[in-house]
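Comments concern the structure below.
Where a number appears in this text, it was derived from the coordinates with a stated rule and is not lab data. Keep in mind the model is a prediction, meaning the values are calculated, not measured. Neighbour counts run over all protein chains shown; Cβ positions are idealised from the backbone, glycine included.
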Amino acid sequence: MTRPFNFSAGPANLPEEVLQQAAAEMLDWHGSGMGVMEMSHRGKEFISIYENAEADFRSLMAVPNNFKILFMQGGGLAENAIVPLNLSRGASADFIVTGSWSDKSQKEARKYCDVQVAATNESSGHTSLPAAATWQLRREASYVHVCTNETIHGVEFHALPDLKALGSDAPLVIDFSSHVASRPVDWSRVGLAFGGAQKNLGPAGVTLVVVREDLLGHALPACPSAFNYKIVADSESMYNTPPTYAIYIAGLTFQWLKRQKEGELAGIAAMEQRNQTKAQRLYEAIDQSQFYVNKVDKECRSRMNVPFFLRDESRNEAFLAGAKMRGLLQLKGHKSVGGMRASIYNAMPMAGVEALIDYMQEFEQKLA
Ligand SMILES: *Cc1c(COP(=O)(O)O)cnc(C)c1O
């Protein structure tokens, strides 16, 4: 039986090998007589799962030793509050607004500090990136927030901004929820990165935070202890019960990522190349057709989330129904944007992208 191709934006498809392994280990993990969900988070079995997950992510993403990797709860939306509670010192923070997610982030942060939108692409309908030279960064800002892949609008920073080159010493905070582990990260430009797992790493319920050590220990007094990065870091993410099963599945995904190869490339580099190829194929098919359109600037089109429209929107329902019959699931666009959206995360094979393109072309020809 072949599974359908699932284009959900999140929670999203997982590598089939990961699901198979989890199924095989569901009742008895490595002869322990327990399933992972049934284990104490302080027992040696789960500690080994946790330590391997942490070490695998560190090596996979080349996270330097002066960064802590935290496995937290609350998702990206909770981080919109947790970041200013920990980093703002109640002072000021600058935000680059490039779509729904960064807009949500700046609105939430206003509860905790003086927020300024330093640049926005709103006038383009969130289809471009504001040139870094135009960002109005404040010297005193305690951090600068960027959402490096806007999951809903399909806008991605293909390179991280270099704040130093822009004359700012503030740490860069990135929300990389929807493209974490799709490509390498230049950690020399980053102070803190956060992302929920449910787009590209595993199930919902675990949030990954990678934070430079010098940023720890400045939380506001009102910061909940379970969300205080220093407390979480000092207790190896075990201050409260961590989302154990979600960490286990993310760990299996990290191992799967490490095994990936494309020619000479391995791990994240292999993934990056595969993701580039997948996205390029899909955007080419859209651009070459008279029937479909993607409105995002070519320089900043997301390799993970591809929003597109049928020029004749009265065909939307028929398009989605036909896709479902073909085993192409969850292609409906986000309600705030409309149209379609194909999320093609790491776990989406090239065959899924080819099947979607074939279907799109057939649907177009049928109506021609
Ligand atoms: C999905 C998403 C979020 C929100 O994640 P939750 O787990 O629902 O809180 C935040 N930022 C980005 C970029 C996302 O894609």
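Take the residue pairs K107/K298; K44/K107; K104/K261; K199/K298 and return only those whose Cα atoms are more than 32 Å apart.
K44/K107; K104/K261
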For K295, counting only lysines whose alpha-carbon sits under 18 Å away and dropping same-chain residues fewer than eight positions off, the answer is K332, K335
Ranked output for segments 11-18, 359-366, 76-83 by mean other Cβ atoms within 10 Å, highest leading, reads 76-83, 11-18, 359-366
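Apply the a/c threshold of 1.5 to the C-alpha gyration tensor of the chain and tell me whether it is rounded, prolate or oblate. Spell out each step's value before the answer.
Working: a/c = 1.96, a/b = 1.16, b/c = 1.69.
In terms of gyration-tensor shape, oblate.
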The rounded separation in angstrom of the Cα centers of the range 54-71 and the range 125-155 is 25 Å
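Normalised by the residues of the range 148-257, what does the relative contact order come to in percent, with Cα pairs under 8 Å and at least six apart?
Numbers: 130 pairs, mean separation 20.7, N = 110.
Answer for the range 148-257 is 19 percent.
Using Cβ contacts closer than 10 Å as the measure, can you line up L356, L367, L215, L19 from fewest to most?
Details: L356 24, L367 12, L215 20, L19 15.
Listed from fewest to most nearby Cβ atoms, that is L367, L19, L215, L356.
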If H158, H153, H41 are placed from fewest to most neighbouring beta carbons inside 10 Å, the sequence is H158, H41, H153
Straight-line reach check, K111, cutoff 15 Å on alpha carbons, 8 or more apart in-chain or any other chain, hits among aspartates and glutamates -> E79, D94, D103
Partner aspartates and glutamates whose C-alpha sits under 14 Å from that of K258, ignoring same-chain residues fewer than 8 away, are E17, E54, D56, E272
For D114 and L220, extending 7 Å from Cα along the Cα-Cβ vector and measuring point to point gives, in nm, a value of 1.4 nm
For the range 174-292, percent of DSSP beta bridges that are antiparallel (nearest 5) comes out at 80 percent
Neighbours of M350 by Cβ distance under 10 Å: Lys/Arg at +1, Asp/Glu at -1, summed charge +2
The range 180-215 and the range 254-331 have their Cα centres apart by a whole-number Å value of 22 Å
Comparing M304, M34, M348 in a Gaussian network model of the chain (Cα, 10 Å), the one with the largest mean-square fluctuation is M34
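Looking at the range 17-258, send over the antiparallel percent of its DSSP beta bridges, to the nearest 5. Don't skip to the answer; put the middle values down first.
Working: 13 of 29 bridges.
Close to 45 percent.
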